[in-house]
1. Do you know which of the residues in region 163-191 that are part of a helix (DSSP H, G or I) and touching a strand residue (DSSP E or B) at 6+ places or on another chain (Cβ under 8 Å) is most open to solvent (accessible area, probe 1.4 Å)?
2. So which residues in region 265-282 are among the acidic types (D, E), touching a helix residue (DSSP H, G or I) at 6+ places or on another chain (Cβ under 8 Å) and open to solvent by 10 Å² or more (accessible area, probe 1.4 Å)?
3. On the given criteria, is Q128 over 21 Å from L314 (Cα atoms) and of a type in the set (S, T, N, Q)?
4. Mind listing whichever residues of region 65-76 are open to solvent by 50 Å² or more (accessible area, probe 1.4 Å) and touching a helix residue (DSSP H, G or I) at 6+ places or on another chain (Cβ under 9 Å)?
5. Hey, could you check region 260-310 for residues that are of a type in the set (S, T, N, Q) and at pLDDT 95 or above and say which is farthest from R107 (Cα to Cα)?
6. If I ask for residues that are over 14 Å from G263 (Cβ atoms), modelled with pLDDT of 95 or more and of a type in the set (G, A, S), which ones from region 194-223 would you list?
7. State all residues of region 12-35 that are under 14 Å from Q103 (Cα atoms), of a type in the set (A, V, I, L, M, F, W, C) and at pLDDT 95 or above; if no residue qualifies, say none.
Amino acid sequence: MLFGAHHEWGKLREVVIGISHAEDFVVFHEDSQRWLTPAGAEFSRAHAGQRLIDVDPEQATRIERQADALAELVAREGVTVHRPERLKGVERTFLAPNGEGAQLFPRDGMIVVGQHVIDASLRLQCRQRERYGLRPIIQAAVASRGAHWSSVPLGSPGAVDGPFLEGGDTLLNGYEVYVGISGCASDLAGADWLQALLGDSYRVLPVALRSNVLHLDCALGLVKPGLLVYCPEKLIDGLPMSLRDWDKIEVSYEEATLLATNGLVLEEGRIIVDADNRRVIDELKRRKVDVIPIPFDGPIGTGGGLRCAHHPLLRESVLA
């Protein structure tokens, strides 16, 4: 296997980890951002279109430093690390002149399922541009490693009519693929598109989320076979049936808002977790999971955690 991923676990061999140059990050606000906390929404509206380094230089530099520290840590673990290319010129103004210009969360703009690599359709206009920083990585995988490249049709600019399909909503469990549906990101049209692409051997299962939850990985994380972390309050109909007999670490709404469900799995039983989620770290250790804590409060403050900040290109696991 030269390329691809079948599960959320399995030994990570190759990965994309986001970048966020302090001077590039632009504060953005669009109507679909219902997941923001009241303080976050107020900040976003007040400073939309401004560079974060001009508004809060300490936060801008913290985000850059913590994203780079994550990439260095993962590389020390023996994983091949790619970083998106820095956006330039008209790429930075595509669709939204004052929008986000950073490449912090590659999880969302691309989706790897099996040997498929997919250009996602993101609901936020200002995030559509992220594909341009990821495209050289994808093109190299297609040219030399057998990846199958597809692109979800873009949804409406008004963020109402899809299809929308985002990597943060897409969790892999072999032939079952879960897609979160909240109205903030992916929608049923995006899930249907993915089912058509993958074919009858796969089951793409929509998972209903509360309307102020950004992505499924803000409510659910699959750590290893038989073990998950989840927030019942953020799931409307509970867990998918095939996950209901797994060992579960439950987190509160407040913990999930701090992205306690959102980690970076290095291999089965070994995971990187934000250092502030101490209770979840303790629960994982009780279950004999090797946990590497890392400070990641900077990116989490913008709405994305450790899963959001990386996307596997090659993860060793076998379809059963």
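The values are calculated or read from the model by the stated rules, or taken from the named source; none is laboratory data. As the structure is a prediction and not an experimental result, all values here were calculated from the model. Please note: Cβ atoms are built from the backbone with ideal geometry, for glycine as well, and neighbour counts cover all protein chains shown. Just the protein is used for accessible areas: all its heavy atoms, side chains included, with ligands, DNA and RNA removed. Shrake-Rupley method; radii C 1.70, N 1.55, O 1.52, S 1.80 Å.
1. L188
2. The one that is among the acidic types (D, E), touching a helix residue (DSSP H, G or I) at 6+ places or on another chain (Cβ under 8 Å) and open to solvent by 10 Å² or more (accessible area, probe 1.4 Å): D276.
3. yes
4. Matches in region 65-76: R65 only.
5. So, considering only residues that are of a type in the set (S, T, N, Q) and at pLDDT 95 or above, the one farthest from R107 (Cα to Cα) is N277.
6. A196, G199, S201, A208
7. V16, I17, I19 - these are the residues of region 12-35 that are under 14 Å from Q103 (Cα atoms), of a type in the set (A, V, I, L, M, F, W, C) and at pLDDT 95 or above.
Matching residues to (1) touching a residue at least 24 places away in the same chain (Cβ under 8 Å); (2) open to solvent by less than 20 Å² (accessible area, probe 1.4 Å); (3) in contact with a Leu (Cβ under 6 Å, 6 or more places away or on another chain):
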residue: H215; (1), (2), (3): yes, yes, no
residue: V229; (1), (2), (3): yes, yes, no
residue: G238; (1), (2), (3): no, no, no
residue: I249; (1), (2), (3): yes, yes, no
residue: E254; (1), (2), (3): no, no, no
residue: G263; (1), (2), (3): yes, yes, yes
